[in-house]
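The values are calculated or read from the model by the stated rules, or taken from the named source; none is laboratory data. Everything quoted here is computed from the prediction, not taken from an experiment. Don't worry about glycine lacking a Cβ; one is built from the backbone with ideal geometry, like all the others, and counts go over all protein chains shown. Each accessible area value is taken on the protein alone, full model and side chains, heavy atoms only, with ligands, DNA and RNA left out. Shrake-Rupley method; radii C 1.70, N 1.55, O 1.52, S 1.80 Å.
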Amino acid sequence: MNLCVSQGMGNIQGSYSYSFPVTTGASITLQLNEDHHFNYAQYGGHNEKTISKGYYFVKQDTLLLFHEGIEHPRPSYFEVISKTDTIRRDFGLESSFGESRVSFKIKVMDYSSETIPHTNVSIMKGKATLSGEVTDENGEARIYTTGREADKVIVSFIGYRNLYIDLEDFWGYITELKVVLSDSDIEYFEKPFLAKYIITKTGELKLLHKDNSDSEIVMVKDTR
C-alpha cells in the first residue's frame, strides 16, 4: 500500500486538536507522525480518556485513519436499587433552617462485587462541598440532603475512578443506590475500524460519518 501525501495538500504531519463546545473539559488530540502512524486521544469530562493508535494515508483530499482498536476506560457507574413514586421526606430529620431533609442509602462496591469500606462520599452544590460521609465496613453510608441544598454526589476512593451522580432528576425519590467503582484504567472492547477526514483548503481535518456526511468535529492543526 502506498502511504503518501497527495500533491498540493501540503505537509499534514503534526498535532491536531478539537475541543467540544458543550462538555466542559472534553477534547480530542490527534498526532500524525512521519512514519505514517498516528496516536489519538479523547478526554472526557471527569478525567475519562479514550485512546487509539494505527496508521494513515491520504487519498486525494481524504485522510484515512486505520484504528487498530480503541481502548476505553471501564466506567464507574450507579444503579437505583429502590425508589418511591412520590417524593419522600424524612420529617424526623431537620436541617439548621428547620427544613425537612431527604435521606437515601448508598452502597459502594467494585466490579467483583466486593464492598469498598471507607469510601468518601461528598455532597455538593456546584463546586462547593456541603458535607461528606464515609462508608462503613459494609461499604454503606446514608446521605441527607434537600433539593435546594445539593445537586450532585461525588464518590471517590484512592485507586478507583471517581463517580459523579447528578441528583437533579431524582432527589427525594430514591431510597437506595448501588455504586460500582472501577479500578481499571483501560478496557478493550472495540474492534479495528476506519475513520475518514476531509482535508480542507485551510489545512483542517473534517470528520466524515459512515454515510460521508460532514461531522461538526473539525480538527485544527497546532501551529505553535
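Name every residue in segment 152-165 that is in a loop (DSSP other than H, G, I, E, B) and open to solvent by less than 50 Å² (accessible area, probe 1.4 Å), in order of residue number. Explain how you work it out, then say what you get.
The initial filter retains those residues of segment 152-165 that are in a loop (DSSP other than H, G, I, E, B), namely 157-162.
Matches in segment 152-165: 161 only.
Could you give me the residue pairs with C-beta distances under 6 Å whose first residue belongs to segment 201-224 and is of a type in the set (Val, Ile, Thr), whose second residue is surrounded by 14 or more Cβ atoms within 10 Å (Cβ to Cβ) wherever it lies, and which are 6+ apart or on separate chains?
Cβ pairs passing all conditions: 217/18; 217/207; 218/204; 218/206; 220/204.
Quick check on residue 96: is it open to solvent by 50 Å² or more (accessible area, probe 1.4 Å), modelled with pLDDT of 90 or more and in a loop (DSSP other than H, G, I, E, B)? Please lay out each step first, then the result.
Values: open to solvent by 50 Å² or more (accessible area, probe 1.4 Å): yes; modelled with pLDDT of 90 or more: no; in a loop (DSSP other than H, G, I, E, B): yes.
The answer is no for residue 96.
Assuming residue 181 fulfils every condition listed in (1) within 21 Å of the chain's Cα centre (by Cα); (2) on the phi < 0 side of the Ramachandran plot; (3) exposed (fewer than 15 other Cβ atoms within 10 Å of the Cβ) apart from one, which condition is it?
(3)
Within segment 30-51, how many residues turn out to be assigned to a strand (DSSP E or B) and modelled with pLDDT under 95?
Here is the first cut: in segment 30-51, the ones assigned to a strand (DSSP E or B) are 30-32, 37-43, 49-51.
Imposing the further condition that a residue be modelled with pLDDT under 95 reduces the set to 41-43, 49-51.
Number satisfying all stated conditions: 6.
Open to solvent by 60 Å² or more (accessible area, probe 1.4 Å), at pLDDT below 90 and over 17 Å from residue 107 (Cα atoms) - does that describe any residue in segment 128-143?
The answer is yes; a qualifying residue exists.
Taking the stated definitions as given, is residue 101 of a type in the set (Lys, Arg), open to solvent by 30 Å² or more (accessible area, probe 1.4 Å), touching a Leu at 6+ places or on another chain (Cβ under 6 Å) and at pLDDT below 85? Reasoning before the result, please.
Details: of a type in the set (Lys, Arg): yes; open to solvent by 30 Å² or more (accessible area, probe 1.4 Å): yes; touching a Leu at 6+ places or on another chain (Cβ under 6 Å): yes; at pLDDT below 85: yes.
Yes.
In this structure, does residue 108 turn out to be at pLDDT 85 or above, in contact with a strand residue (DSSP E or B) (Cβ under 9 Å, 6 or more places away or on another chain), open to solvent by less than 70 Å² (accessible area, probe 1.4 Å) and among the aliphatic types (A, V, I, L, M)? Lay out the reasoning, then the answer.
Values: at pLDDT 85 or above: yes; in contact with a strand residue (DSSP E or B) (Cβ under 9 Å, 6 or more places away or on another chain): yes; open to solvent by less than 70 Å² (accessible area, probe 1.4 Å): yes; among the aliphatic types (A, V, I, L, M): yes.
In short, yes.
Hey, among the residues in segment 57-77 that are aromatic (Phe, Trp, Tyr) and modelled with pLDDT under 95, which one's nearest to residue 187 (Cα to Cα)?
77
Only one of (1) open to solvent by 70 Å² or more (accessible area, probe 1.4 Å); (2) free of Cβ contacts under 8 Å to residues at least 24 places away in the same chain is not met by residue 190, so which one is it?
For residue 190, the failing item is (2).
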